[in-house]
Ligand code: PEP
Ligand code: MN
């Protein structure tokens, strides 16, 4: 349920009403927009007398929200959510009119590899460095990532380049290792690991939540809701392709997810064209399409030696290809902004 307040509602009135609602066992989500103040009510709203609420001087209207996701719902929070990443001095904000490119290798492989790639993607315009330390591989015989050593190397690359870092968590017990990670990634395979999501709700670090291989947009939003319900509202959604009957590409990039999510939620949406297509030559066209469709950013796999990458070489761009892609992405951004 949402209560839209009149523009003249005072701070004291809002606090008093919030307390009254909280005393009825509801969680109150305050959204102070440019024109409206909205109280989003989460919980058993059957205990609230809507006529009484609507009759209050300060209340303009009361509406029930039928969707099961509440905190992530655009109706609760009409303005886009903007998430600060890294230190405030870094000035990196994701969401709203901001646009960022996350780039780096699928996996951290060595000190030289991650630092070399970090420097080249930064020079080309990436603002956030990616690199997997704990890797979710389909085969247990494949490279599983450098694990905590990989995380150390990523932190060292952050120190040397000043780039905030993103890396994937697979096990809730690893959370202490992620203390200095700027964005924690929840991979497609863990999108519905609800215990992990609940734990990530208890911290403030931004979470990039990837859409599961066979999950609907509503399921993605319900997973975001798990994190938000715990108090962490810094959730970034990521469309990374879904399973369809098409086998030519690794997955099928669901471009319509971008405008649909923009309608349904205030959370930022990033697109990963690398895992979506599985082929380096498709990464650029899919990036351009995602930007034209309104994505708040991209996450692109880049490797300094793709043929010898330990993971996902076929979909990795070289630093040179990445730089060319960024140039074209910027042209599309200008075109759609105009
Ligand atoms: C990744 O980004 O490294 C990854 C494993 O992606 P996904 O979870 O989308 O497969
Ligand atoms: Mn990968």
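Laboratory data are not the source of any read-out in this text; all were calculated from the coordinates shown. This structure is a prediction, so every number in the text was calculated from the model and none was measured. Note that we place each Cβ from the backbone using ideal geometry, even for glycine, and neighbour counts take in every protein chain shown.
Considering only the Cα atoms of the chain, their convex hull presents on average a projected area of 18.1 nm². Neighbour counts of other Cβ atoms within 10 Å put 325, 202 in the fewest-to-most order 202, 325. Antiparallel beta bridges, as assigned by DSSP with both residues in segment 14-147, represent about 75 percent of the total such bridges. Residues 296, 266, 174 in ascending order of nearby Cβ atoms (within 10 Å, fewest first): 174, 266, 296. Rounded to the nearest 10 degrees, the inclination of helix 280-292 to the longest alpha-carbon principal axis of the chain is 30 degrees. Residues 238, 106 in ascending order of nearby Cβ atoms (within 10 Å, fewest first): 106, 238. When you restrict to C-alpha pairs under 8 Å that are six or more residues apart and normalise by the size of the chain, the relative contact order lands at 15 percent. Taking all Cα pairs closer than 8 Å and separated by 6 or more residues, the relative contact order of segment 53-183 comes to 18 percent. Convex hull volume of the Cα atoms of segment 280-321, normalised per residue: 66 Å³. By DSSP, the beta bridges lying fully in segment 66-212 are antiparallel in about 20 percent of cases.
For the chain, the longest principal axis of the Cα atoms and the long axis of helix 111-124 meet at an angle of about 70 degrees.
Which order do the peptides 179-189, 57-67 take when ranked by the mean count of other beta-carbon atoms within 10 Å per residue, highest first?
In decreasing order of mean packing, 179-189, 57-67 become 179-189, 57-67.
Geometric descriptor of segment 207-251, per residue, is 54 Å³ (volume of the convex hull of the Cα atoms). Look at the Cα gyration tensor of segment 75-142: its axes a ≥ b ≥ c give a/c of at least 1.5 with a/b at or below b/c, and that counts as oblate. If you sort the three axes of the alpha carbon gyration tensor as a ≥ b ≥ c, you get a/c of 1.5 or more for segment 242-308 and a/b no higher than b/c, which makes it oblate. Length gained on full extension, residue 84 to residue 179, computed as 0.36 nm times the residue gap minus the Cα-Cα distance: 32.6 nm.
Beyond 22 Å, the tail of the calculated P(r) for segment 70-201 holds 42 percent of the Cα pairs.
Relative to the dominant Cα principal axis of the chain, helix 319-337 is inclined by about 30°.
Shape summary: segment 147-295 maps onto an equivalent ellipsoid whose semi-axes, from the alpha-carbon gyration tensor, are 25, 19, 14 Å in decreasing order. Its residues counted as N, segment 214-338 yields a C-alpha radius of gyration over 2.2 N^0.38 Å of 1.11. Sorted into 10 angstrom bins from 0, the C-alpha pair distances of segment 42-94 split as 19, 33, 26, 16, 7 percent.
Please report the antiparallel percentage of the DSSP beta bridges confined to the chain, to the nearest 5. Don't skip to the end; give the middle numbers.
Numbers: 19 of 46 bridges.
Looking only at bridges with both residues in the chain, the antiparallel portion is about 40 percent.
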